[in-house]
Amino acid sequence: MFIGKKNEEIFIPGFTKSLDTDENQKGVILLRRIRDEAHRSALSFHRDKRSKRMNRSQLSQISGLGPSRIRELLEHFKSIEAIRIATKEDLSKVKGLGKNSVNEIYEYFHEL
């Protein structure tokens with residue numbers, strides 16, 4: 001069963017004609033809410049997934065950074081933007097980052 005979005009008609013698989021319903025019926029209202037929540041949930045999931053993928057891919061372009069160091073950076077700074085504005089001193093406070101990694105990260109975000 002699915003609800004057509006334009007006219008909010010209810011269709012049952014195998015049937016070509018929509019069900020006769022009133023838009024104010026409690027069942028129709030419930031189906032509409034379920035559909036809207038499913039769409040909202042799916043969109044949020046995909047936006048979050050895309051955002052995380054983009055952030056991780058940007059950090060993975062920095063030489064010497066593997067998955068564990070990327071995870072440590074994101075746990076420490078919480079966002080790519082915070083890493084971008086961090087000083088070398090701030091970066092050196094991240095567990096597992098040596099002087100070379102700190103320099104690589106800083107230079108990646110502060111190239112002229």
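The values are calculated or read from the model by the stated rules, or taken from the named source; none is laboratory data. As the structure is a prediction and not an experimental result, all values here were calculated from the model. Ideal geometry is used to build each Cβ from the backbone, glycine not excepted, and the neighbour counts take in all protein chains shown.
One line per residue, one yes/no per condition, for (1) among the hydrophobic types (A, V, I, L, M, F, W, C); (2) over 24 Å from SER51 (Cβ atoms); (3) not assigned by TED's automatic domain parsing to the domain that holds SER51:
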site: SER68; (1), (2), (3): no, no, yes
site: GLU72; (1), (2), (3): no, no, yes
site: HIS76; (1), (2), (3): no, no, yes
site: SER79; (1), (2), (3): no, no, yes
site: ILE85; (1), (2), (3): yes, no, yes
site: SER92; (1), (2), (3): no, yes, yes
site: LYS99; (1), (2), (3): no, yes, yes
site: ILE105; (1), (2), (3): yes, no, yes
site: PHE109; (1), (2), (3): yes, no, yes
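Note down all Cβ pairs under 7 Å where the first residue falls in the stretch 58-69 and is within 14 Å of GLU107 (Cα to Cα), the second is assigned to a loop (DSSP other than H, G, I, E, B), and they're at least six residues apart or on different chains.
What qualifies is LEU59/LEU65.
Is it true that LYS17 is exposed (fewer than 12 other Cβ atoms within 10 Å of the Cβ), assigned to a loop (DSSP other than H, G, I, E, B) and touching a helix residue (DSSP H, G or I) at 6+ places or on another chain (Cβ under 6 Å)?
no
On the given criteria, is ARG33 in contact with a Gly (Cβ under 7 Å, 6 or more places away or on another chain) and either modelled with pLDDT of 85 or more or within 30 Å of LYS99 (Cβ to Cβ) (or both)?
So ARG33 fails the test.
Looking at (1) of a type outside the set (Phe, Trp, Tyr); (2) over 19 Å from ASP48 (Cα atoms); (3) not in a loop (DSSP other than H, G, I, E, B), can you tell me which one GLY64 breaks?
For GLY64, the failing item is (3).
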